[in-house]
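S.K.: The structure follows.
The values are calculated or read from the model by the stated rules, or taken from the named source; none is laboratory data. Predicted model only: the values in this text are computed from it and were never measured. Glycine also receives a Cβ, built like all others from the backbone with ideal geometry; neighbour counts cover every protein chain displayed.
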Amino acid sequence: MTHTDTADAELAGARVRQLTSLTERLSERLSDETAAFEARRPQDVAAGLAETQEMANLYRRDTAHVKANPALLSAAPLAERKALIDATRLFEQVLAAHGRAVEAARVISEGLLRAIAEEAARARPSGAAYGAGGAASTSDGRAFALNRTA
């Protein structure tokens, strides 16, 4: 092995270890967030949201860089590459569970908003709206909008 080969292997190994560490930390963070959602405590997630987003962006950038240039990791020791593969598989499972928990929290929140809006509409006196022919409309003319970009 030449000096260049050794340096390439060391650099590739360092990249693999760094990406494995990031993947494991992000998996742990998303697992904690999933547990908070499942415990119906989404407010516990809010404090660390910026850090989670920063880690996710770093992960996206690094994995896109490796995908565009797989040779960056090819010289790393096989055991380290396998550890990265295992960490990535676990991350994908954690990410899927996190997505389900976030979706469930969104559905619950929207349901609560609808229930509150319906109750508020029932509590207010009916607004009198007139149709095109001048007759009073039987439907509620008030509007309520839900933001679906959660």
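S.K.: Condition check: surrounded by 13 or more Cβ atoms within 10 Å (Cβ to Cβ), out of contact with any strand residue (DSSP E or B) (no Cβ under 7 Å at 6 or more places or on another chain) and touching a residue at least 60 places away in the same chain (Cβ under 8 Å). Does E110 satisfy that?
M.R.: When the stated conditions are applied, E110 does not pass them.
S.K.: For L22, state whether it is over 30 Å from A9 (Cα atoms), of a type outside the set (D, E, K, R) and touching a helix residue (DSSP H, G or I) at 6+ places or on another chain (Cβ under 8 Å).
M.R.: For L22, the condition - over 30 Å from A9 (Cα atoms), of a type outside the set (D, E, K, R) and touching a helix residue (DSSP H, G or I) at 6+ places or on another chain (Cβ under 8 Å) - is not met.
S.K.: Cβ contacts < 6 Å: first residue under 23 Å from F37 (Cα atoms) and touching a residue at least 24 places away in the same chain (Cβ under 8 Å), restricted to the range 79-106; second residue part of a helix (DSSP H, G or I) and among the hydrophobic types (A, V, I, L, M, F, W, C), any location; separation 6+ or different chain. Result?
M.R.: Partner pairs satisfying both residue conditions: V94/L30; H98/L30; A101/F37; A105/F37.
S.K.: Could you name every one of the helices (runs of 4 or more DSSP H) located completely within the range 1-94 that has at least 3 residues being closer than 30 Å to V107 by Cα?
M.R.: Ranges flagged: 3-38, 43-46, 49-68.
S.K.: Continuing with this model, one more query. So, of the residues in the range 90-149 that are of a type in the set (D, E) and over 19 Å from A46 (Cα atoms), which turns out to be modelled with the highest pLDDT?
M.R.: Per the criteria, the residue is E92.
Quick grid of which residues meet (1) surrounded by fewer than 13 Cβ atoms within 10 Å (Cβ to Cβ); (2) at pLDDT 95 or above:
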{"site": "M1", "(1), (2)": "yes, no"}
{"site": "T6", "(1), (2)": "yes, no"}
{"site": "A12", "(1), (2)": "no, no"}
{"site": "L22", "(1), (2)": "no, yes"}
{"site": "S27", "(1), (2)": "no, yes"}
{"site": "S31", "(1), (2)": "no, yes"}
{"site": "A36", "(1), (2)": "no, no"}
{"site": "R40", "(1), (2)": "yes, no"}
{"site": "Q43", "(1), (2)": "yes, no"}
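S.K.: Take R60 and tell me if it is surrounded by 10 or more Cβ atoms within 10 Å (Cβ to Cβ), touching an Asp or Glu at 6+ places or on another chain (Cβ under 7 Å), modelled with pLDDT of 95 or more and of a type in the set (D, E, K, R).
M.R.: no
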